[in-house]
Amino acid sequence: MLHNIKIILEYDGTRYKGFQIQKDLDTIQGRLEDCLSTILGKRIKIKYSSRTDAGVHAKEQVINFTTENKIDHFKLQRSMNAILPGDIVVKHIDEVETDFDSRRDAKSREYEYYILYRQFPSAFNKNYLLINKKLNTKSMILASEYLIGEKDFRSFCKDSSEIENTVRNVKEVEISKEGDFIIIKIIANSFIHQMVRIIVGTLIEVGLSKREPYEILQILEKKQRVFAGKAAEAKGLYLTKINY
């Protein structure tokens, strides 16, 4: 009997070359597959809900894999957390329907970008972007409204030359302030390579009065990466939720 195992995990992506496995590079997927293969005594290949870039973190990443082994969920979770490095943690394990696919079945993904908004760095909060200049969040919110809906985000991806379809449906962009942080949350059906970071970088330029809010619409219409802002640093970006 084939068992389809769903795993929810979190990780600090600082020292990894992204999620997706790459030859001779340290990746989250590589660590997970090596760990599962060691525990189950057979080479395991996983599927995953969202490919995070180098240096990007996850509070909720979802993966799944199939095995003929009968799985004790608690023992597997304990074994994985014992083998995996401390910056990758398995939060929950469950068995799901055999046709469940963590990537294909995802209805939307949620990312949050954290800006540490104060004059000096933090001794504790290293995984955030520090901005010590005044940001006009009202202008950023106005600019973000142009991103909502099904649009061609070709201008907001690192390299669209190998991507046939750059149309994505952005369902929500929320900009809020919590203590010393400005948090930019973006929900979409899916994302293109560096799309969130380029959007955030462009919104930051609006907040710094380097651009006007309406320029977002012009950038979308031009469909060329050169017109959008600089990608925000990876360290402030977190995959926070997968919606099924």
Practice prompt. Report the residue count in the range 15-46 for those that are out of contact with any Phe, Trp or Tyr (no Cβ under 7 Å at 6 or more places or on another chain) and either surrounded by fewer than 16 Cβ atoms within 10 Å (Cβ to Cβ) or closer than 26 Å to Tyr238 by Cβ (or both).
Written response: 21
Discussion item. Residue pairs, Cβ under 7 Å, 6 or more apart or interchain, first in the range 172-186 and more than 12 Å from Thr240 (Cβ to Cβ), second part of a strand (DSSP E or B) and hydroxyl-bearing (Ser, Thr, Tyr). List them.
Written reply: Asp180/Tyr117; Phe181/Tyr114; Phe181/Tyr117; Ile182/Tyr117
Item to complete: Pull up the range 150-171, narrow it to residues that are in contact (Cβ under 8 Å) with a residue 60 or more places away in the chain and part of a strand (DSSP E or B), then point me to the one that is nearest to the chain's Cα centre (by Cα).
Response: Lys171
Discussion item. Every residue in the range 47-86 that is among the charged types (D, E, K, R), closer than 22 Å to Lys235 by Cα and out of contact with any His (no Cβ under 9 Å at 6 or more places or on another chain), please.
Written reply: Lys59, Glu60
Item to complete: Look at Ile163 and say whether it is modelled with pLDDT under 95 and of a type in the set (A, V, I, L, M, F, W, C).
Response: yes
Worksheet entry | Of all residues making up the range 200-244, the number that are touching an Asp or Glu at 6+ places or on another chain (Cβ under 7 Å), in a loop (DSSP other than H, G, I, E, B) and modelled with pLDDT of 95 or more | 3
Worksheet item: Tell me, which residue of the range 41-96 that is among the acidic types (Asp, Glu) and in contact with a helix residue (DSSP H, G or I) (Cβ under 7 Å, 6 or more places away or on another chain) is modelled with the highest pLDDT?
Response: Asp94
Worksheet item: When the residues of the range 167-199 are filtered to those that are modelled with pLDDT of 95 or more and among the acidic types (Asp, Glu), which remaining residue is farthest from Asp105 (Cα to Cα)?
Response: Glu174
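Picking from Ile8, Ile39, Ile71, which residue would you name as being in contact with a Ser or Thr (Cβ under 7 Å, 6 or more places away or on another chain) and either over 25 Å from Ala231 (Cα atoms) or not in a helix (DSSP H, G or I) (or both)?
Ile39
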Worksheet entry | Total residues in the range 105-139, condition under 20 Å from Ala234 (Cβ atoms) and outside any loop (DSSP other than H, G, I, E, B) | 12
Worksheet item: Here are Ile141, Ile204, Ile131: which of them is within 16 Å of Tyr113 (Cα to Cα), surrounded by fewer than 19 Cβ atoms within 10 Å (Cβ to Cβ), in contact (Cβ under 8 Å) with a residue 40 or more places away in the chain and out of contact with any Ser or Thr (no Cβ under 9 Å at 6 or more places or on another chain)?
Response: Ile131
Item to complete: Please work out which residue is farthest from Ser209 (Cα to Cα), limiting yourself to the range 102-124 and to residues that are touching a residue at least 12 places away in the same chain (Cβ under 8 Å) and over 18 Å from the mean Cα position of the chain (by Cα).
Response: Ser122
Worksheet item: For the range 145-180, what are the residues that are farther than 15 Å from Thr202 by Cβ and among the small types (Gly, Ala, Ser)?
Response: Gly149, Ser160, Ser161, Ser176, Gly179
Discussion item. Just to check your reading of the model, which residue among Ser79, Ser50 is on the phi < 0 side of the Ramachandran plot, outside the structural domain of Ile183 (by TED's automatic domain parsing) and assigned to a loop (DSSP other than H, G, I, E, B)?
Written reply: Ser50
Discussion item. Within the range 178-199, take every residue that is in contact with a helix residue (DSSP H, G or I) (Cβ under 7 Å, 6 or more places away or on another chain) and assigned to a strand (DSSP E or B) and give me the one that is farthest from Leu147 (Cα to Cα).
Written reply: Ile182
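The values are calculated or read from the model by the stated rules, or taken from the named source; none is laboratory data. What you are looking at is a predicted structure, and each value in this text was computed from that prediction instead of being measured. All Cβ positions, glycine included, derive from the backbone under ideal geometry; neighbour counts span all protein chains shown.
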